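Report on the following structure.
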Amino acid sequence: MNHYVLDACALIALLYDEEGADKVADVIYAADNGEATISLHKLNLLEVYYNAHRSCGKEQADLML
């Protein structure tokens, strides 16, 4: 089983459908099917939240979280 460590840039690419979003989606799909595991440091999650809060507002950032 593969193990992936995601960073903020990977999640931001996924959220905004940027380059590489399809690869991140594939990793999440594999984890959802029990074929992989994913780790994410809470500081990276905070960075994604901050980015969403700044771009879309608190309500959308809270939904993303």
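Summary table below
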| item | result |
| --- | --- |
| Count of residues meeting criterion [more than 16 Å from V24 (Cβ to Cβ) and either in contact with an Asp or Glu (Cβ under 8 Å, 6 or more places away or on another chain) or surrounded by 12 or more Cβ atoms within 10 Å (Cβ to Cβ) (or both)] in the range 42-53 | 4 |
| Pair list, Cβ < 7 Å and 6+ apart or interchain, from the range 13-34 residues that are at negative phi to residues that are among the acidic types (D, E) | A13/E19 |
| The lone exception for L63 - which of (1) in a strand (DSSP E or B); (2) exposed (fewer than 12 other Cβ atoms within 10 Å of the Cβ) it fails | (1) |
| Members of the range 29-48 that are more than 12 Å from L11 (Cα to Cα), part of a helix (DSSP H, G or I) and of a type outside the set (K, R) | Y29, A30, A31, D32, L43 |
| Top-ranked residue of the range 1-14 - restricted to ones that are crowded, with 17+ Cβ neighbours inside 10 Å and outside any strand (DSSP E or B), ranked as nearest to the chain's Cα centre (by Cα) | L11 |
| Count of the range 15-47 residues which are within 19 Å of L65 (Cβ to Cβ), touching a Phe, Trp or Tyr at 6+ places or on another chain (Cβ under 9 Å) and not aliphatic (A, V, I, L, M) | 1 |
| Any hit, the range 15-24, residues being surrounded by 13 or more Cβ atoms within 10 Å (Cβ to Cβ), assigned to a helix (DSSP H, G or I) and at pLDDT below 95 | yes |
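The values are calculated or read from the model by the stated rules, or taken from the named source; none is laboratory data. The model shown is predicted, which means the values in this text are computed figures rather than measured ones. For neighbour counting, all protein chains shown are included, and Cβ atoms are generated from backbone atoms with ideal geometry for every residue, glycine included.
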